[in-house]
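Engineer: Okay, here's the structure, questions in a sec.
The values are calculated or read from the model by the stated rules, or taken from the named source; none is laboratory data. As the structure is a prediction and not an experimental result, all values here were calculated from the model. Reconstructed Cβ throughout: ideal geometry from the backbone, glycine too, with neighbour counts over all protein chains shown. Just so you know, the surface numbers come from the protein's heavy atoms only, side chains and all, with ligands and any DNA or RNA stripped out. Shrake-Rupley method; radii C 1.70, N 1.55, O 1.52, S 1.80 Å.
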Amino acid sequence: MSQAATAQTAYSQATRISPSSRRIEFDAFSSVTSSLKAAKAFEDTALAVHKNTKLWSVLAKDLVHDENELPDQLRAGLLNLAIFSETHGQAVLRGQKDVEPLIEVNHSVMRGLMKRGAEQ
């Protein structure tokens, strides 16, 4: 399964995320993803990748706490996406990778958040 498909599946199955939390997460991913898409110059790309890494880092920190009520398998999948986003972002900054996979993963997370919100 691709990283993007994993992201969408993970968030669409997340039943313990409140609608308000889901909206906050959606907005955060939307803002970061817009920055990634709009970046043209290296400086803009570096800032957008940094914001993306920071967002995934905050999410990862929440996922590792015992208080997080998401199922273990879902938490593990999201942590893998956080690791992917960080390592891929580093490769983007080295000029070795394109930013598009980061955008795709974020869009998939956003679709998962929207789908789950529509079901409730």
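Engineer: Scan segment 102-120 residue by residue and report those that are open to solvent by 40 Å² or more (accessible area, probe 1.4 Å) and modelled with pLDDT of 95 or more.
Structural biologist: GLU104, HIS107 - these are the residues of segment 102-120 that are open to solvent by 40 Å² or more (accessible area, probe 1.4 Å) and modelled with pLDDT of 95 or more.
Engineer: Look through LYS40, LYS61 and report the one residue that is at negative phi, among the basic types (Lys, Arg), open to solvent by 30 Å² or more (accessible area, probe 1.4 Å) and assigned to a helix (DSSP H, G or I).
Structural biologist: Only one candidate qualifies: LYS61.
Engineer: What is the one condition in (1) open to solvent by 100 Å² or more (accessible area, probe 1.4 Å); (2) over 21 Å from SER35 (Cβ atoms); (3) part of a helix (DSSP H, G or I) that LYS54 does not satisfy?
Structural biologist: For LYS54, the exception is condition (2).
Engineer: Select from segment 24-46 the residues that are polar (S, T, N, Q), in contact (Cβ under 8 Å) with a residue 24 or more places away in the chain and closer than 18 Å to ALA91 by Cα and list them in ascending order.
Structural biologist: THR33, THR45
Engineer: Out of the residues in segment 21-37 meeting the condition of being of a type outside the set (A, V, I, L, M, F, W, C) and open to solvent by less than 30 Å² (accessible area, probe 1.4 Å), tell me which one is modelled with the highest pLDDT.
Structural biologist: THR33
Engineer: Return the residues of segment 72-92 that are touching a residue at least 40 places away in the same chain (Cβ under 8 Å) and open to solvent by less than 70 Å² (accessible area, probe 1.4 Å); say none if nothing qualifies.
Structural biologist: Matches in segment 72-92: LEU74, GLY77, LEU78, LEU81, PHE84, GLY89, VAL92.
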